[in-house]
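This report refers to the structure that appears directly beneath it.
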Amino acid sequence: MRKSLKTLQVDSFEITTKHLRYKTKGRPKTGAVPEEIHSVKLRLSSPLAPFQELKASKGRFVLATNELDEEKLPYIEVLTAYKGQAKVERGLRFLKDPQFVASNLFVKKPERVEALLLIMTLCLTVYAAIEYRIRQQLAQKHQTIPNQIGRQVSNPITRWIFELFTGIHVLYGRDHTIPLNIKEIYYKIIHLMGNAYKKYYLIE
């Protein structure tokens, strides 16, 4: 038993009491002999060595580069560039979304691939800028808006903001142009975005 323990060790043990118990329930048969059941009191402790070894093995990974000159490419820059990939990957994760239908886009010529990447990068920049702007304003003004499940948050995602603004229509009349289906939450978000966005929703 001691050999099978990895994070615990038995310092001492003591047999405290002894009980007699029959194998079957109910009234024992004539001549049945009860079994002896012993209670054992253990003193356990947890050594630090296994946990320190486990901790030391975590958080390590290998980064390889073709540039071996540390003056041209310091190690810290390699690590910073590697960790910076997470931001790009989060930004491009919408490519896997079935609603984006990225799998339906097919271009063969290199110049068209470059043009597509340029458009996607531009769209991603606008996407990230809107998200940053709204989150920054919510943090500065100590405000929140509801997310997809109605929970008040201060870090909404842009995709939810876009979905929230679907269904807005514009009624063009002879003298006036009126936006329809504008709810209170729309006004709140538009005010957070700034005056430059108000004119598109005819807000003064």
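Anything in the stretch 11-40 that is among the aliphatic types (A, V, I, L, M) and either surrounded by 10 or more Cβ atoms within 10 Å (Cβ to Cβ) or in contact (Cβ under 8 Å) with a residue 12 or more places away in the chain (or both)? List them, or say none.
Passing the criteria: I15, L20, A32, I37, V40.
What is the residue count in the stretch 160-194 for residues that are hydroxyl-bearing (S, T, Y) and under 20 Å from E131 (Cβ atoms)?
Counting residues in the stretch 160-194 that are hydroxyl-bearing (S, T, Y) and under 20 Å from E131 (Cβ atoms) gives 3.
Among K29, K55, K41, which is in a strand (DSSP E or B) and of a type outside the set (G, A, S)?
K41
With respect to G167, is the statement that it is out of contact with any His (no Cβ under 6 Å at 6 or more places or on another chain) and closer than 20 Å to T125 by Cα true?
It is false that G167 is out of contact with any His (no Cβ under 6 Å at 6 or more places or on another chain) and closer than 20 Å to T125 by Cα.
FYI, it's all coordinate maths here, none of it is from the lab. Just so it is clear, the structure is predicted and the values come from calculations on it, not from any experiment. Glycine gets a Cβ as well: all are built from the backbone with ideal geometry, and neighbour counts include every protein chain shown.
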